[in-house]
Every structure is written in structure tokens, then in C-alpha cells.
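J.: Could you have a look at this structure, given as C-alpha cells, before my questions?
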Amino acid sequence: MRALVQRVSRAEVRVGGAVVGRIDGGVLILLGVGHVDDVENGSALARKIVELRIFRDAEGRTNRSLLEIDGEALVVSQFTLFADTRRGRRPGFTDAARPALAEELYERFCTEIESHGVTVARGSFGAEMEVELVNDGPFTIWLDTADGASQRRVSSET
């Protein structure tokens, strides 16, 4: 799985002009699911994200997690995180999971975040969406469970 995590002061996602998900303060997570991903990858990644110390403490240092600030998460499925641009000018998406698996793992990922007590707003899986955000910092982190060292760290914390 691949996640682009952005610390936000607010974010929302719209489909056809209607807001389908909105948060005030927390993280926007753009989530890509690969064809080799499974429930364990999603659980480990969800835990990693909710425990990341990316929010300011009283001294202004990034020492607090999403859990500690009682923040929210807006999770938007984004298969384009698996774009392969090595050949030509048209990206290929063969490493992205098929829609049925991707939707199942996306929903399980959201449920896993909720199991930690975090309020989760969702995009609309498979829809054309408009995502609006105010990136706080800006602060953006890329997480990829296929990264061997990163995966070991994520898995060892579960």
C-alpha cells in the first residue's frame, strides 16, 4: 500500500459538487492499494499513521500523534499512486489492485483507523473527486509498505 499523508487544518472531498467527506484538523490520506497488498499491510499502515508524531506540542515541536490531538482523518482512494512512468508518456497502472480488492482493502483500512478511536471521513471509491485541503506546515509524508525497511518498522509496532 502507498499512502500520501498530509497534515491539514481542514480538508474536504466533493463528488459532482456535493461534499461527501470533510474534516477539521488532522490528516488527509491519499491511499493506493497494490495487487499484492492484504489486510495485514493495511492494519500495520493504519497504526503507523495514527501513531506518527507529526503534530505540534506546546513548544511547537512535532511530538504529538493524531491520537493525542484527537484529530480526524479523511481517506481518499487513489490508484494513481501506483502509476508506472518508466516507459513513454502515458502512465501504466498494472501494479494497482483490481477495483474489488482495492475497495475491500480501502474500507478495511478506514475501519482500522476508526478502531483506534479516530473519526474517519471518506471519499467515494471509484468516483471522480475534487479534493480541497489546507496543508498545515506544509507537512507531507510518503509511506510505502513495499519499502523493506519501512515495512519492518511498521510491522514491528503491531
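J.: Top mean-square fluctuation among Asn41, Asn63, Asn135, Gaussian network model of the chain, C-alpha springs under 10 Å?
T.: Ranking Asn41, Asn63, Asn135 by mean-square fluctuation puts Asn63 first.
J.: Can you give the longest stretch of the chain with no exposed loop site, where a site means GluC sites (Glu not before Pro) in a DSSP loop (not H, G, I, E or B) with at most 10 other C-beta atoms within 10 Å? Please report the intermediate quantities before stating the final value.
T.: On the way: sites that count: Glu59, Glu128, Glu157.
Here the longest segment lacking exposed loop sites spans 60-127.
J.: How many angstrom lie between the C-alpha centres of region 1-72 and region 74-102?
T.: So the two Cα centres are separated by 20 Å.
J.: As a check on your grasp of the helix formula, calculate [θ] at 222 nm for the chain: sum -39500 (n - 2.57) over DSSP H runs of n ≥ 4, divide by the residue count, round to the nearest 500.
T.: On the way: 4 runs with 43 residues, N = 158.
Calculated from helices alone, the mean residue ellipticity at 222 nm is -8000 deg cm²/dmol.
J.: A follow-up question, please. Where in region 54-147 are there trypsin sites (Lys or Arg not before Pro) that are in a DSSP coil and have at most 10 other Cβ atoms within 10 angstrom of their Cβ?
T.: Values: sites: Arg56, Arg61, Arg64, Arg86, Arg87, Arg89, Arg108, Arg122; in loops: Arg61, Arg86, Arg87, Arg89.
Within region 54-147, the qualifying trypsin sites (Lys or Arg not before Pro) (loop, at most 10 other Cβ atoms within 10 Å) are Arg61, Arg86, Arg87, Arg89.
J.: Next up: Please report, as a whole percent, how much of the solvent-accessible surface of the chain comes from carbon and sulfur atoms (probe radius 1.4 Å).
T.: Carbon and sulfur together cover 46 percent of it.
J.: Using the Kirkwood radius over Cα pairs, work out the Stokes-Einstein diffusion coefficient for region 1-90 at 20 °C and 1.002 mPa s, in µm²/s as a whole number. Display every interim value, and only then the final one.
T.: Details: Rh = 14.7 Å.
The diffusion coefficient I find is 146 µm²/s.
J.: log10 I(q)/I(0), Debye, Cα-only the chain, no solvent, q = 0.09, 0.18 Å⁻¹?
T.: -0.28, -1.11
J.: From the phi angles alone, apply the Karplus equation (6.51, -1.76, 1.60; θ = phi - 60°) to region 28-40 and give each ³J(HN,Hα) in whole Hz, x where the residue is Gly or Pro.
T.: 9, 10, 8, 10, x, 10, x, 5, 9, 6, 8, 4, 4
J.: Same structure again: Provide the per residue accessible area, probe 1.4 Å, for region 6-85, rounded to a whole number of square angstrom.
T.: On the way: 3530 Å² over 80 residues.
Solvent-accessible surface per residue comes out at 44 Å².
J.: Please figure out what share of the DSSP beta bridges in the chain is antiparallel and state it in percent, rounded to the nearest 5. Write down the numbers at each step before the final one.
T.: Working: 27 of 37 bridges.
Among the beta bridges of the chain, antiparallel pairing accounts for roughly 75 percent.
The values are calculated or read from the model by the stated rules, or taken from the named source; none is laboratory data. Everything quoted here is computed from the prediction, not taken from an experiment. Here the Cβ is made from the backbone with ideal geometry for all residues, glycine too, and neighbour counts use every protein chain on show. Remember, those area values only see protein heavy atoms, side chains included, never the ligands or the DNA or RNA. Shrake-Rupley method; radii C 1.70, N 1.55, O 1.52, S 1.80 Å.
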